[in-house]
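Accompanying notes for the structure given below.
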Amino acid sequence: MKIHGSPTIGNPRRVAIFLAEKGLEIPFVPVDLYSQEHRTETFLAKNPIGLVPVLELDDGTFVSETMTICRYLEELHPEPSVLGRDPLDRAIRDMWQRRVEFGFYTAIRAYYRHCFEPARVLEPVQIAEWGELNRTLALEALRVLNSQLAENEFVAGPDFSAADITLVTSLQGTATTGFRIPEDCPHVERWYGEVVQRPSVVATAP
Ligand SMILES: N[C@@H](CCC(=O)N[C@@H](CS)C(=O)NCC(=O)O)C(=O)O
């Protein structure tokens, strides 16, 4: 097996943290997005929508989509569990992961891609107003997570999960935009201070 994508950047980093949490080792093959390597014919044969990460199996099968890759690997290696130990635990963790991914991550990604010059190579038609609106949506999403983290050690409850992975990689991956956890989100700040010290997060830092 190997994973196409750079283990310190974006969605491939989510898989890298997941693997580290589970004590699994799969080699990564870096893909340079800023030179458009993911838009070459060779890469599109692996994933026709041109996104990393892509897991390549030894029989030549390609599996893309971050959470799909993680779910496949968790089924092969259930322990230690990152995605949940029983149906309800898995449902709760998945619900929060999706809330982070389709809330905060999607918004902060749009802010970066529409408001910052280095992102133009990935987002040729940048609409600054759309980016700014998404910065506001990212703040709103963070406030919901702040309430959840007031009552819980981690985003999905008492255990570190993929929801935490998605949130910490989104925050660190967009730090160059100047976006910071606002003062009215002290529980996110407490959580962040703890999670950035986890060995899996330190080992994959951008
Ligand atoms: N839904 C995909 C999203 C993957 C994704 O957006 N990957 C980014 C890198 S973090 C990418 O390949 N971007 C290339 C582009 O937008 O052209 C997943 O969960 O894996």
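Structure summary
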quantity	calculated
Unique residue being surrounded by 12 or more Cβ atoms within 10 Å (Cβ to Cβ) and either on the phi < 0 side of the Ramachandran plot or of a type outside the set (A, V, I, L, M, F, W, C) (or both) when the list is ASP59, ASP94	ASP94
Residue that is under 24 Å from ARG113 (Cα atoms) and not small (Gly, Ala, Ser), where the choices are PRO53, PRO78, PRO27	PRO53
Hits in the range 1-43 (condition: more than 28 Å from SER161 (Cβ to Cβ) and either within 13 Å of the ligand (Cβ to nearest atom) or in contact with a Pro (Cβ under 9 Å, 6 or more places away or on another chain) (or both))	ASP32, TYR34, SER35, GLN36, GLU37, ARG39, THR40, PHE43
From LEU133, LEU145, LEU149, residue being more than 16 Å from the ligand (Cβ to nearest atom) and either polar (S, T, N, Q) or more than 28 Å from ARG198 (Cβ to Cβ) (or both)	LEU133
Pair list, Cβ < 6 Å and 6+ apart or interchain, from the range 18-33 residues that are in the same structural domain as GLU56 (by TED's automatic domain parsing) to residues that are surrounded by fewer than 19 Cβ atoms within 10 Å (Cβ to Cβ) and charged (D, E, K, R)	PRO27/LYS2; VAL29/LYS2; VAL31/GLU37
Of all residues making up the range 191-206, the number that are loosely packed, with under 14 Cβ neighbours inside 10 Å and among the basic types (Lys, Arg)	0
Residue in the range 123-140 that is more than 28 Å from ILE181 (Cβ to Cβ) and not assigned by TED's automatic domain parsing to the domain that holds ARG13 present	yes
Selection within the range 44-70 - near the ligand (Cβ under 9 Å from one of its atoms), of a type in the set (A, V, I, L, M, F, W, C) and more than 13 Å from MET1 (Cα to Cα)	ILE49, LEU51, VAL52, MET67
When residues of the range 114-126 are limited to those that are of a type in the set (A, V, I, L, M, F, W, C) and surrounded by 14 or more Cβ atoms within 10 Å (Cβ to Cβ), the one nearest to the ligand (Cβ to nearest atom)	LEU122
Qualifying position, being in contact (Cβ under 8 Å) with a residue 60 or more places away in the chain, over 14 Å from GLY10 (Cα atoms) and not assigned by TED's automatic domain parsing to the domain that holds GLU25, among PHE160, PHE102, PHE154	PHE160
Flag for ILE108 being part of a helix (DSSP H, G or I), under 30 Å from THR177 (Cβ atoms), assigned by TED's automatic domain parsing to the domain that holds LYS22 and touching a residue at least 60 places away in the same chain (Cβ under 8 Å)	no
Candidate set: the range 165-190, residues that are away from the ligand (no atom under 16 Å from the Cβ) and not in a loop (DSSP other than H, G, I, E, B); chosen: the one surrounded by the most Cβ atoms within 10 Å (Cβ to Cβ)	VAL188
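The values are calculated or read from the model by the stated rules, or taken from the named source; none is laboratory data. This structure is a prediction, so every number in the text was calculated from the model and none was measured. Don't worry about glycine lacking a Cβ; one is built from the backbone with ideal geometry, like all the others, and counts go over all protein chains shown.
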